[in-house]
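Chemist: Got a structure for you, questions after.
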Amino acid sequence: MDKKRSKFSILTAGLIKENPVLVLLLGTCPTLAVTTMAINGLGMGMAAMVVLVCSNIVISLLKNIIPDKVRIPCYIVIIAGFVTIVQLVVKAYFPAIDKALGIFLPLIVVNCIILGRAEMFANKNSVVDSALDGVGMGLGFTFALLVMGGIRELIGSGSIFGIVITANVIDPMIIFLLAPGGFFVFGLVIALVNRVTSGKAVKRKTMGCEGCPSAAACGQAQKGEA
Amino acid sequence: MKEIMVILVSAILVDNFVLSKFLGICPFLGVSKKLDSAVGMSLAVIFVMALATAVTWPIYDSVLVPNGLEYLNTIVFILVIAALVQLVEIVLKKYVPALHRSLGVYLPLITTNCAVLGVTLLNIEEGYNLAHSLINSVGAGVGFLLAMVLFAGVRSRMESAKITKSFDGIPITLIAASIVSLAFMGFSGVVEGIFKV
């Protein structure tokens with residue numbers, strides 16, 4: 001990462017240019033699974049953002065203490081700790097969101113975005129920059145989930161955020177709420193982003209995917225090689 | 001016996017981990033390019049899923065529950081799985097080098113695979129006992145294998161197809177996944193039909 005990057009550019013990078021979901025294709029499981037409604041996408045995005053910001057801050061603070069060899073397990077423990085906190089908070093105050101996200105709330109632990117940012121950004125940069133990076137990436141993730149959720153909810157149940165829009169005019173296509181619709185909408189959205197950025201988006205290499213423990217199993221690292 | 005078959009068929013076909021539960025999408029998109037790597041990865045996943053369940057379920061039942069620490073399951077499970085995978089790798093390398101050569105490369109990747117953590121957490125959530133949890137885990141793994149193998153076939157056909165630039169790569173792969181998942185939706189109701197539950 002460039003040392004001279006302004007605070008503002010760190011914050012906005014994750015939003016569009018390096019959007020973790022739409023450009024870097026990280027965290028695809030929750031993106032597909034929870035976006036049956038815009039509100040669920042928003043909830044998932046916010047939960048992941050809180051974890052991302054907190055873990056980025058703590059990892060950045062501890063970057064000189066954690067021995068290099070065991071850094072990945074250390075990161076996982078830190079991330080899992082914050083995920084547990086978020087899980088308990090969501091369960092207590094937003095039971096509807098908790099029910100909708102289900103298993104994917106604890107699975108934030110294994111979301112590649114969070115581990116990826118810890119490995120790539122937080123352990124090299126200052127606390128403030130890491131926090132901003134967490135906010136930016138979190139907003140990018142939330143934005144992508146919101147777009148996916150909005151499209152699927154509009155077509156699949158004819159409403160957005162539960163407000164009826166087209167349900168009385170056109171019969172909702174339930175298939176968009178089910179698994180095939182998720183894959184389909186995600187494919188279209190990524191194709192659209194490809195078209196708009198026309199290959200100018202950041203290369204996966206700059207994300208440092210090769211350093212990630214799951215690099216070889218993960219779609220984007222392989223694509224980066226090709 | 002009937003119960004076992006119900007769990008197994010549901011896990012493999014109806015609630016397929018990849019195609020209807022969206023768990024393990026990363027390896028599904030990443031490693032399904034070639035048939036042999038798809039099979040290798042899936043076998044490693046089946047193995048680790050079964051092993052992880054065999055270890056995490058007793059820990060949950062005999063350590064976390066009696067002490068009122070159920071809320072720590074996420075953090076405990078991910079640590080156990082990470083340690084377990086490391087251990088398996090070391091043991092395989094030392095004693096079964098042939099198996100290590102074929103599965104070894106996939107093992108470290110599985111630690112951060114959401115399907116493995118997912119299955120252990122789902123077993124607890126569903127309230128399965130140890131035997132049912134193991135069956136569910138193996139079924140989920142076999143379902144993963146099935147999806148990977150089928151999809152590797154679809155992708156090899158796509159290699160020779162001419163695809164619009166914007167759709168090339170991941171987008172067309174996702175559209176193809178959507179169609180495969182549509183086919184799997186045909187299995188809904190199969191369990192009720194066969195086993196009359």
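Chemist: With in contact with a Leu (Cβ under 6 Å, 6 or more places away or on another chain), away from chain A (no Cβ under 11 Å) and not β-branched (Val, Ile, Thr) as the only criterion, which of B:144, B:195, B:187 stands out?
Modeler: Answer to the selection: B:187.
Chemist: Given the criteria at pLDDT 85 or above, surrounded by fewer than 21 Cβ atoms within 10 Å (Cβ to Cβ) and under 22 Å from residue A:82 (Cβ atoms), does residue B:80 qualify?
Modeler: For residue B:80, the condition - at pLDDT 85 or above, surrounded by fewer than 21 Cβ atoms within 10 Å (Cβ to Cβ) and under 22 Å from residue A:82 (Cβ atoms) - is met.
Chemist: When residues of the range A:41-60 are filtered for being surrounded by 24 or more Cβ atoms within 10 Å (Cβ to Cβ) and over 19 Å from residue A:124 (Cα atoms), how many remain?
Modeler: Residues meeting the conditions: 5.
Chemist: Go through A:77, A:83, A:53 for me and flag whichever is over 25 Å from residue B:171 (Cα atoms) and either charged (D, E, K, R) or touching a Gly at 6+ places or on another chain (Cβ under 6 Å) (or both).
Modeler: Checking each option against the conditions leaves just A:53.
Chemist: Taking the range B:1-42 on its own, how many of its residues are within 13 Å of chain A (Cβ to nearest Cβ), of a type in the set (Asp, Glu) and either on the phi > 0 side of the Ramachandran plot or not in a loop (DSSP other than H, G, I, E, B) (or both)?
Modeler: Selection size over the range B:1-42: 0.
Chemist: Would you confirm, using the coordinates I've provided, whether residue B:101 is more than 14 Å from chain A (Cβ to nearest Cβ), outside any loop (DSSP other than H, G, I, E, B) and modelled with pLDDT under 85? Full working, then the answer.
Modeler: Values: more than 14 Å from chain A (Cβ to nearest Cβ): yes; outside any loop (DSSP other than H, G, I, E, B): yes; modelled with pLDDT under 85: yes.
So residue B:101 passes the test.
Chemist: Now for a different question. For the range A:99-118, enumerate the residues that are within 11 Å of chain B (Cβ to nearest Cβ) and either assigned to a helix (DSSP H, G or I) or among the hydroxyl-bearing types (Ser, Thr, Tyr) (or both). Give the steps one after another, and end with the answer.
Modeler: Taking the range A:99-118 first, the residues within 11 Å of chain B (Cβ to nearest Cβ) are A:102-112, A:114-116.
Result: A:102, A:103, A:104, A:106, A:107, A:108, A:109, A:110, A:112, A:114, A:115, A:116.
Chemist: Looking at (1) farther than 26 Å from residue B:23 by Cα; (2) surrounded by fewer than 19 Cβ atoms within 10 Å (Cβ to Cβ), which one does residue A:85 not meet, given that it meets all the others?
Modeler: (1)
Chemist: Could we say that residue A:40 is away from chain B (no Cβ under 14 Å) and of a type outside the set (Phe, Trp, Tyr) here? Don't jump to the end; show me each part of the working.
Modeler: On the way: away from chain B (no Cβ under 14 Å): no; of a type outside the set (Phe, Trp, Tyr): yes.
It is false that residue A:40 is away from chain B (no Cβ under 14 Å) and of a type outside the set (Phe, Trp, Tyr).
Chemist: Sticking with this one: Considering only the range A:32-66, state which residues are touching a Ser or Thr at 6+ places or on another chain (Cβ under 6 Å) and under 14 Å from residue A:98 (Cα atoms).
Modeler: A:41, A:45, listed by residue number.
Chemist: Among the numbered criteria (1) within 24 Å of residue B:21 (Cβ to Cβ); (2) touching a residue at least 40 places away in the same chain (Cβ under 8 Å); (3) away from chain A (no Cβ under 14 Å), which single criterion is violated by residue B:110?
Modeler: It fails just one condition, (3).
Chemist: While we're on this one: With the checklist (1) at pLDDT below 90; (2) in a helix (DSSP H, G or I); (3) over 11 Å from the mean Cα position of the chain (by Cα) in hand, flag the one item residue A:152 doesn't pass.
Modeler: So residue A:152 meets the others, but not (1).
Chemist: Something else now. Take residue B:166 and decide whether it is within 11 Å of another protein chain (Cβ to nearest Cβ), without any contact (Cβ under 8 Å) to a residue 24 or more places away in the chain, farther than 30 Å from residue B:70 by Cα and buried (at least 20 other Cβ atoms within 10 Å of the Cβ).
Modeler: no
Chemist: In addition: Can you tell me which residue among A:99, A:69, A:91 is modelled with pLDDT under 90, charged (D, E, K, R), over 15 Å from the mean Cα position of the chain (by Cα) and closer than 25 Å to residue B:123 by Cα?
Modeler: A:99
Chemist: Follow-up question, since we're still on this one. Determine whether residue B:181 is touching a residue at least 24 places away in the same chain (Cβ under 8 Å), within 13 Å of another protein chain (Cβ to nearest Cβ) and outside any helix (DSSP H, G or I).
Modeler: no
Chemist: Before we move on, is residue A:96 buried (at least 18 other Cβ atoms within 10 Å of the Cβ), away from chain B (no Cβ under 12 Å) and touching a helix residue (DSSP H, G or I) at 6+ places or on another chain (Cβ under 9 Å)?
Modeler: So residue A:96 fails the test.
Chemist: So if I check each of A:86, A:23, which one is within 14 Å of another protein chain (Cβ to nearest Cβ), among the hydrophobic types (A, V, I, L, M, F, W, C) and within 14 Å of residue A:134 (Cβ to Cβ)? Can you show your working first?
Modeler: Details: A:23 fails: within 14 Å of residue A:134 (Cβ to Cβ).
When all the criteria are applied, what remains is A:86.
Chemist: Okay, moving on. When you scan the range B:109-125, how many residues do you find that are of a type in the set (A, V, I, L, M) and part of a loop (DSSP other than H, G, I, E, B)?
Modeler: 0
Chemist: Here is a further query. Looking for something over 16 Å from the mean Cα position of the chain (by Cα), hydroxyl-bearing (Ser, Thr, Tyr) and either surrounded by 20 or more Cβ atoms within 10 Å (Cβ to Cβ) or at pLDDT 80 or above (or both) - is there at least one such residue anywhere in the range A:191-212?
Modeler: no
Chemist: In the range A:118-131, is there at least one residue being closer than 30 Å to residue B:123 by Cα and in contact (Cβ under 8 Å) with a residue 12 or more places away in the chain?
Modeler: Yes, that holds for at least one residue.
Chemist: So if I check each of A:15, A:52, A:42, A:61, which one is of a type in the set (A, V, I, L, M), closer than 17 Å to residue A:151 by Cβ and touching a residue at least 24 places away in the same chain (Cβ under 8 Å)?
Modeler: Exactly one of A:15, A:52, A:42, A:61 is of a type in the set (A, V, I, L, M), closer than 17 Å to residue A:151 by Cβ and touching a residue at least 24 places away in the same chain (Cβ under 8 Å), namely A:42.
The values are calculated or read from the model by the stated rules, or taken from the named source; none is laboratory data. All values derive from a computational prediction rather than experimental measurement. When we count neighbours, we look across all protein chains shown, and the Cβ atoms used for this are built from the backbone with ideal geometry, even at glycine.
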